[in-house]
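See below for the structure under consideration.
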Amino acid sequence: MMDDSYMAIDGADNPGSMKSRVICSWSWEPDAMRGQPRLIFCLDDGEFHILEFNWDTEGLKVLPERVHRGLPCKPLLWMDRGMIAGFVEMGDGMILHLEHGRLVHRSTVQNVGPILDLAIADYHGEKQDQLFSCCGMCPEGSLRVIRNGVNVEKLLRTEPIYQGVTGLWTLRMKKTDTYHSFLVLAFVEETRILSVGLSFNDISDAVGFQTEVCTLACGLIADGLLVQIHSKGVKLCLPTSYAHPEGATLTSPVCVDWYPDVTISVGAVGHDVVAVATSNPCCLYILRVRPLSSLQYELYETQHVQLQYEVSCISIPEEDLRLRTSSSAFGGDFRKRKGNNSAAEVDVRMFAVIGTHKPSVEVISLEPDEAFRLLSIGSISVNNALGAPVSGCIPENVRFVASERFYILAGLRNGMLLRFESGTSKDQYLPGSFYKESFAPSLNALLQLVAIRHIGITPVGLVPLHDSANSDIIVLSDRSWLLYASRHSLAYSSISFLPASHVTPVSSVDCPSGLLFVAENCLHLVSY
């Protein structure tokens, strides 16, 4: 038991009138005996205190300080770098960090014990039984969902020096490369390119990307040629051999720029094609690249159309060879062989999926020798009766997925994930089309909304694990999920890493199957 006089550290004028409290747990600072030892302890009312022991000419002095108030912890462990782990009886634990004399809550250690009751149910009709359990006691009680998850192995965590990250990508030098070569980090007013590996070296100058701007999107347009999209323009770069062994043997990278007359809002890079959209006026541009001579290239505009609605996101599908002989996913209006009315030949690189502020999800043709064609459209309804703002229903990310069937996924800004499938209809003119009237086509397919999933309350991001249309996908929102094809449809599994703002797959010699994500201003490398 603690004597009443100790409680004077709380600033009480009459410490003798205060109730005595019990120390629940304590822990010494690691290696504290080398200097001035410190002890942290927790009281049964949830107060955390640190005692610092100093020796001087007058003898031993004890300097107490209250640093936190929360739930009382029974086990308490002071770890390295000022991290402290505390575990609550019959409740969730916590990871705290000592900063400027105070403990700051960093993350939660989930606990399902004791389980008082549970039930089995098929959540969201995914044909995956899950356990719904009543856990904990009293104020620490909770309702938990227990389901299959994906475990990851933690390999690397950097110092918290990556504040304000707005984008994260890994790029290969060639399409057929086994491993990634470049890590692109976008900040509000800066872009950095690092080499891929267990150690990251800054090679921005050798790659050629413009570093004093925020990168909106980037990608490999052709072997050895990287593309950066930023608000002012599009930059094509051939890195030097310093950045990559197969780069140009020059002192500086080869770069070509393309500038529109207005500000670019979103963009995407595909095989031999770049798509960018502007917001005022709302326009869509398609760019391609061609060689002029040795180490000389040109970015040129092939198509340009003015739109009625602003584009919120663009996705160009990756090549998937098995789709080339399958029937068309969107109404059979892709290229058909002459004189053959059977299955259409589909090249998924010849269309783009876009999200709009209408809001809607739309599929457009990227055939180089044809005018713009709207292949299919899926409208996103807004229930204004419930006070839902239109802005929340705008797609943040869209992606074409090839499973047993073809899907369009749309992650909305309000935390919802929508799944569309193709639904055929007769040729018709759609009033209020996405295109201006002079470009309005006849629609051969309408996208039908077949599933709605509430992922979280923050915008939903979609990040494929591999460069193919049938890749598993990381779904980002308040927490991270792995979306994959199952025998029945699409299934979800939880991923055991911190809530992340950005994530990208990374493959290197040291880590063939890795994920790099941003959390707590740090870069985290894990293996799955």
- Relative counts (whole %) of C-alpha pair distances in the stretch 172-297, using bins that are 10 Å wide: 13, 46, 33, 8, 0
- Message: Suppose each label sits 7 Å from its Cα in the direction of the beta carbon; what would the S142-Q36 distance come out to in nanometres?
- Response: 3.7
- Residues with beta-carbon under 15 Å from that of F209, excluding F209: net charge, scoring Lys, Arg +1 and Asp, Glu -1? -3
- Task: Scan around G167 for amide H atoms under 5 Å from its own, H built in the peptide plane at 1.01 Å from N, and keep only partners 5 or more places away or cross-chain.
- Result: A186
- In order through the stretch 492-505: 3J(HN,Hα) via Karplus (6.51 cos²θ - 1.76 cosθ + 1.60), integer Hz, x for Gly, Pro: 10, 9, 6, 10, 8, 9, 4, x, 10, 7, 9, 8, 8, x
- Taking a spot 7 Å from the Cα of H304 along the direction of its beta carbon, which residues of the stretch 278-297 have an amide N less than 17 Å from it? 278-289
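Mind ranking 311-317, 263-269 by how tightly packed they are, going by the mean number of other C-beta atoms within 10 angstrom, highest first?
Numbers: 311-317: 24.4, 263-269: 20.7.
Highest to lowest by the protection proxy: 311-317, 263-269.
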- Task: List, in order, the whole-Hz ³J(HN,Hα) value for each residue of the stretch 350-363 obtained from phi through the Karplus relation with A = 6.51, B = -1.76, C = 1.60 and θ = phi - 60°; use x for Gly and Pro.
- Result: 9, 8, 10, 9, 10, x, 10, 7, 4, x, 6, 10, 9, 10
- Each residue of the stretch 507-515 in order: what ³J(HN,Hα) in whole Hz does its phi give by Karplus 6.51 cos²θ - 1.76 cosθ + 1.60, θ = phi - 60°, with x for Gly and Pro? 10, 9, 4, 7, 8, x, 10, x, 10
- Cα→Cβ-extended label distance, 7 Å offset, between T108 and F53, nm: 3.7
- Item | For S496, residues with placed amide H under 5 Å, excluding near neighbours | V150, V152
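Can you check what the net charge comes to around E246, using other residues whose Cβ is under 14 Å from the Cβ of E246 (Lys, Arg +1; Asp, Glu -1)?
Working: positive: R172, K174, K175; negative: D177, D223.
Combined, the nearby Lys, Arg, Asp and Glu give +1.
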- Spin-label point model (7 Å from Cα, Cβ direction): what's the L118 to R405 distance in nm? 3.3
- Query: Taking the Cβ of E520 as the center, what net charge do the other residues with Cβ under 10 Å away carry, scoring Lys and Arg +1 and Asp and Glu -1?
  - Reply: +2
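Bear in mind that the values in this text are calculations on the coordinates, not laboratory data. This structure is a prediction, so every number in the text was calculated from the model and none was measured. We place every Cβ from the backbone using ideal geometry, glycine too, and count neighbours over all the protein chains shown.
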